[in-house]
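To start, the structure itself, in structure tokens.
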Amino acid sequence: MTLDTSSTVAVVGASLAGLRAAETLRAEGHTGDLVLIGAESHLPYDRPPLSKQFLAGTWGLDRVVLRPPEKIASLGLDVRLGHVAGGLDLEGHALELDDGSVVHFDGLVLATGAHPRPLPGAPSLAGVHTLRTLEDSIALGRSARAEGARVVVVGAGFIGSEVAATCRGLGARVTVVEALPQPLARVLGTEMGALCGALHRDHDVELLTDVGVSGLRSDAEAPSTSAAASRTAAGDAMGARVVGVELDDGRVLDADVVVIGIGVVPTTQWLEGSGLEVSDGVVADATLHAADDVVAAGDVARWFDQGREALIRIEHWTNAAEQGVAAARSLLAGRARADAYVPVPYFWSDQYDVKIQVIGHPGPDDDVIVVDGSAHERRLVALYGRGGRFSAALGFSRPRQLMAYRPLLESGASFEEALSHRPA
């Protein structure tokens with residue numbers, strides 16, 4: 001089908017991808033009803049600062065919101081915040097919300113994102129945090145600012161590493177626990193992963209690699225006057241509080257604050273039995289269509305990427321923004337006429353005083369060659385090659401030099417061509 005301008009479109013998910021989809025629908029001439037449904041009570045806000053500036057307290061809420069209220073109002077949306085979609089009737093073109101109301105639609109954008117992966121078998125304890133929402137960031141910041149706070153971050157991925165850096169900047173004693181031999185080894189490979197690990201050690205953060213977490217220890221297991229006092233001071237006198245992290249090699253790390261950063265899970269449980277294919281996200285074709293009148297965007301979308309000839313899912317800000325736009329255009333064009341979405345991914349991470357940037361699709365087994373700067377300087381550009389093709393470029397505090405390689409990735413250059421390229 002091709003939507004006409006009076007059709008009703010529902011967007012489930014009121015974060016970056018959902019907002020960009022709604023804005024694009026209006027910009028491309030859709031004048032019909034447009035319903036924006038969000039599980040949180042807040043207007044759309046930016047998530048990257050939650051592990052950095054907002055967590056550190058250097059940015060307030062005004063710097064985090066994606067659009068001011070008047071800008072949202074100008075879109076003429078039926079905004080339903082604080083509501084979760086509980087079921088999808090694909091054939092009947094209807095959504096059921098948690099309050100029992102039903103939203104009928106002609107076109108649907110799925111942008112429900114993802115939620116933090118829990119630590120298997122871990123009990124619910126005060127002082128244990130995940131990071132996905134504004135409230136999560138506020139609670140973590142309050143805990144990390146406590147005098148003498150001992151913070152243990154489980155997982156040295158991008159979010160975990162950013163949290164570690166920010167908490168260290170707040171004055172906390174920080175330990176990072178990573179099950180892999182090097183941080184980010186599955187994304188950047190062992191050599192560049194080791195460099196990411198060196199950043200932590202440069203800033204007096206203890207990094208423990210090649211070791212897993214077997215459990216969390218609470219003050220209820222080993223009651224003491226000091227533990228009870230700290231629990232009362234934290235305002236949680238009635239519940240058990242974390243006091244340690246048990247490692248699978250037998251060690252126990254003392255902890256006042258534990259941050260679980262072991263990845264995310266696409267938020268798709270409400271789509272079970274809907275008729276859509278759900279497998280590590282909402283499965284979609286190259287045009288982002290999961291069905292003739294349903295598109296997916298953002299962290300929840302697992303689409304067929306024609307460049308890689310595979311189903312992929314990307315959990316980064318730039319993809320959510322670009323994919324929200326592309327999904328809206330695909331929905332308006334109709335499945336038969338829509339363009340394929342074939343991005344060159346870009347993502348970044350701010351850790352300590354270093355900006356890490358990546359363009360393309362790096363892999364753990366790629367050939368990696370540093371072409372500018374050095375690991376010793378903590379300032380470099382490294383190129384990745386796979387099967388003779390140029391697959392990605394990584395920069396440590398080299399934004400201008402890094403971006404010079406983007407056109408080569410867009411054109412499908414060989415690894416040899418990339419290595420011989422000399423940015424102006």
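For the reader, a short list of remarks on this structure follows.
- Percent of Cα-Cα distances greater than 21 Å, calculated over region 285-410: 45 percent
- In plain terms, the bigger the Kirkwood radius, the slower the diffusion; for region 261-332, with that radius from Cα pairs, at 25 °C and 0.890 mPa s, Stokes-Einstein puts D at 199 µm²/s.
- Residue of Ser51, Ser214, Ser391 that the Gaussian network model of the chain assigns the largest fluctuation, springs spanning Cα pairs under 10 Å: Ser214
- Pair-distance distribution P(r) for the chain, from all Cα-Cα distances in 10 Å bins starting at 0: 4, 20, 27, 26, 17, 5, 0 percent.
- On a per residue basis, region 1-137 carries 43 Å² of accessible surface, using protein heavy atoms and a 1.4 Å probe.
- For region 28-91, the fraction of 1.4 Å probe accessible surface lying on carbon and sulfur atoms is 51 percent.
- Among Val283, Val109, Val79, residue whose mean-square fluctuation peaks in a GNM of the chain (springs only between Cα atoms under 10 Å): Val79
- Once you divide the Cα radius of gyration of region 62-172 by 2.2 N^0.38 Å, the number left is 1.46.
- Helix-only mean residue ellipticity at 222 nm for the chain, each DSSP H run of n ≥ 4 adding -39500 (n - 2.57), per residue, nearest 500: -7500 deg cm²/dmol
- Qualifying GluC sites (Glu not before Pro) in region 104-176, DSSP loop, other Cβ atoms within 10 Å at most 12: Glu147
- Stokes-Einstein D in µm²/s, Kirkwood radius over Cα pairs - region 6-138 at 25 °C with 0.890 mPa s viscosity: 151 µm²/s
- Highest mobility in the GNM of the chain, judged by mean-square fluctuation with C-alpha springs under 10 Å and restricted to Ser349, Ser274, Ser397, is found for Ser274.
The values are calculated or read from the model by the stated rules, or taken from the named source; none is laboratory data. Source: prediction; values computed, not measured. Cβ: placed from backbone, ideal geometry, glycine included. Neighbour counts: every protein chain shown. For accessibility, only protein heavy atoms count, side chains too; no ligands or nucleic acids. Shrake-Rupley method; radii C 1.70, N 1.55, O 1.52, S 1.80 Å.
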